[in-house]
1. Criterion first (surrounded by fewer than 16 Cβ atoms within 10 Å (Cβ to Cβ), out of contact with any strand residue (DSSP E or B) (no Cβ under 9 Å at 6 or more places or on another chain) and over 21 Å from LEU172 (Cα atoms)) does ASP97 satisfy it?
2. Check LEU119, LEU138 and return the single one that is surrounded by 14 or more Cβ atoms within 10 Å (Cβ to Cβ) and part of a helix (DSSP H, G or I).
3. Restricting to the range 122-135, and then to whatever is outside any loop (DSSP other than H, G, I, E, B) and aliphatic (A, V, I, L, M), can you tell me which residue is surrounded by the fewest Cβ atoms within 10 Å (Cβ to Cβ)?
4. Regarding SER31, is this residue touching a Gly at 6+ places or on another chain (Cβ under 8 Å) and either of a type in the set (Gly, Ala, Ser) or surrounded by 13 or more Cβ atoms within 10 Å (Cβ to Cβ) (or both)?
5. So how many residues does the range 149-180 have that are in a loop (DSSP other than H, G, I, E, B), touching a Ser or Thr at 6+ places or on another chain (Cβ under 6 Å) and in contact (Cβ under 8 Å) with a residue 40 or more places away in the chain?
6. Checking the structure you have, find out if any residue of the range 66-78 is surrounded by 12 or more Cβ atoms within 10 Å (Cβ to Cβ), without any contact (Cβ under 8 Å) to a residue 24 or more places away in the chain and not hydrophobic (A, V, I, L, M, F, W, C).
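Since every read-out is calculated from the coordinates, none of them should be taken as a lab result. Values in this document were obtained by computation on a predicted structure and should not be read as measured data. Cβ: placed from backbone, ideal geometry, glycine included. Neighbour counts: every protein chain shown.
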Amino acid sequence: MQREDLNPEMKKVIESKEWYKEMLAGKVINSLEKNNMTGIYVKTKEEAMEKALGLIPKGSKVSHGGSLTLQQIGITDALRKGDFQFIDRRAPGLSEDEIERLRRESLLSDVFLMSTNALTMDGKLVNIDGIGNRVAALSYGPSKVIIIAGINKIVPDQESAMQRIKNYVTPLHARRRDFASSLCKDGHMY
């Protein structure tokens, strides 16, 4: 259904949600800038992919961390087709040793793309990483790190970030990766 086809009340609801997202993003972007990071707000996944690709110089060695967010916006496929030296650790037929070698090579990439587990209102990235490759790349190595995060990742503070990770992110990732047997019956990871 097109926005034009909606009744006035539903249009107002949608406009209010868009206003809220922009206002929230603006506050977080200001906080990121205080922490020496640049933030950009876009409304759609298509805009996110276009903006991210525009930040990557042609010919750059590019890699990424594991991220559903990156998959959802289609960036991995775009990197495979683009004018980049893409370190593709998900290419078909790779052995575990080759995947590990590519993870290490990713730390020497020019550009590393990732998402974040949570982003606080005061502009802090909060990440817990299964093997450490994303956190390592974020902290040291690649010349440029591009973090793509949806509004859903924004939380009030670091304590809320840890709760989001423990009570939402970890159980979903465990289930997706067939580690669900390590979940206790209340859905929390221990």
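1. The answer is yes for ASP97.
2. Result: LEU138 is the single residue among LEU119, LEU138 that is surrounded by 14 or more Cβ atoms within 10 Å (Cβ to Cβ) and part of a helix (DSSP H, G or I).
3. Top of the filtered list is VAL135.
4. So SER31 passes the test.
5. Residues flagged as in a loop (DSSP other than H, G, I, E, B), touching a Ser or Thr at 6+ places or on another chain (Cβ under 6 Å) and in contact (Cβ under 8 Å) with a residue 40 or more places away in the chain within the range 149-180 amount to 1.
6. Yes, the conditions are met somewhere in the range 66-78.
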